[in-house]
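Here is the structure we will look at, set down as structure tokens.
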Amino acid sequence: MLKKIVAAVVVLASMVILTACGQKSYGGVQVTQKEYTRVQNENKRIEALVTALQKFRYDNEASANKVYQAADQVNQTLRPGLSEGQKNQLANTLGDGPTGVKGIVKAAVNKQYNFDDEVASQFHANFRLIFDMAAYTIGNSAQQRSKIETQMRKDTNADTELYKIGSQE
């Protein structure tokens, strides 16, 4: 009888350990391996968009195309798990509208100007929403989402890099 109890406790303890090993932590929040992989992929896509924005020049069509592609990739990466309203909000933030990332780039190409501080400020507003949407599908509460968003900002260094956009010559 005692052997059966000990065996049951050992099996239970083994299951708990194996389950715990499958968990990752991101920003102090326990996430599954799938969620951890997703957030790493989101970070890569966001970094690629920031880099494309930094390299953008109004007189270089290839640099504009890289921004468009990077914006589309961020949109596709973040969409799963969002509500229809959130998907629309994300699409507007990254899209062709006057305040969307692609719309700002198209206006810069059409009017032949590189980004200034005002444009960089709009990018900051856009990226606040992008990070919010990225954290939304992973965190279970506002506090968890805030921690995840903060960690993503640190990992991508997007805030600092976006400030550099407005100061380019």
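The values are calculated or read from the model by the stated rules, or taken from the named source; none is laboratory data. Here the structure is a predicted model, which is why all the values come from computation and not from measurement. Virtual Cβ from ideal backbone geometry, glycine too; neighbours counted across all protein chains shown. Each accessible area value is taken on the protein alone, full model and side chains, heavy atoms only, with ligands, DNA and RNA left out. Shrake-Rupley method; radii C 1.70, N 1.55, O 1.52, S 1.80 Å.
Against the definition (within 17 Å of the chain's Cα centre (by Cα), outside any loop (DSSP other than H, G, I, E, B) and surrounded by 16 or more Cβ atoms within 10 Å (Cβ to Cβ)), how does residue 73 come out, yes or no?
When the stated conditions are applied, residue 73 passes them.
Within the range 125-140, count every residue that is more than 13 Å from the chain's Cα centre (by Cα) and modelled with pLDDT of 90 or more.
Of the residues in the range 125-140, 1 are more than 13 Å from the chain's Cα centre (by Cα) and modelled with pLDDT of 90 or more.
What residue, of 44, 87, 111, 66, is over 30 Å from residue 34 (Cβ atoms) and of a type in the set (Lys, Arg)?
From the options 44, 87, 111, 66, the qualifying one is 111.
Go through the residues of the range 106-124 one by one and say whether even a single one is under 20 Å from residue 27 (Cβ atoms) and either surrounded by fewer than 16 Cβ atoms within 10 Å (Cβ to Cβ) or free of Cβ contacts under 8 Å to residues at least 40 places away in the same chain (or both).
Within the range 106-124 (the criterion being under 20 Å from residue 27 (Cβ atoms) and either surrounded by fewer than 16 Cβ atoms within 10 Å (Cβ to Cβ) or free of Cβ contacts under 8 Å to residues at least 40 places away in the same chain (or both)), the answer is no, since none of the residues qualifies.
If I ask for residues that are part of a helix (DSSP H, G or I), out of contact with any helix residue (DSSP H, G or I) (no Cβ under 8 Å at 6 or more places or on another chain) and more than 26 Å from residue 85 (Cα to Cα), which ones from the range 126-169 would you list?
154, 160
Check residue 17 against each of (1) open to solvent by 90 Å² or more (accessible area, probe 1.4 Å); (2) part of a helix (DSSP H, G or I); (3) at pLDDT 90 or above; (4) of a type outside the set (Phe, Trp, Tyr) and name the one condition it does not meet.
(3)
What are the residues in the range 58-97 that are among the polar types (S, T, N, Q) and closer than 17 Å to residue 111 by Cα, if any?
60, 63, 65
Only residues that are surrounded by fewer than 23 Cβ atoms within 10 Å (Cβ to Cβ) and touching a residue at least 12 places away in the same chain (Cβ under 8 Å): list them for the range 139-148, please.
Scanning the range 139-148 gives 139, 144, 145, 147.
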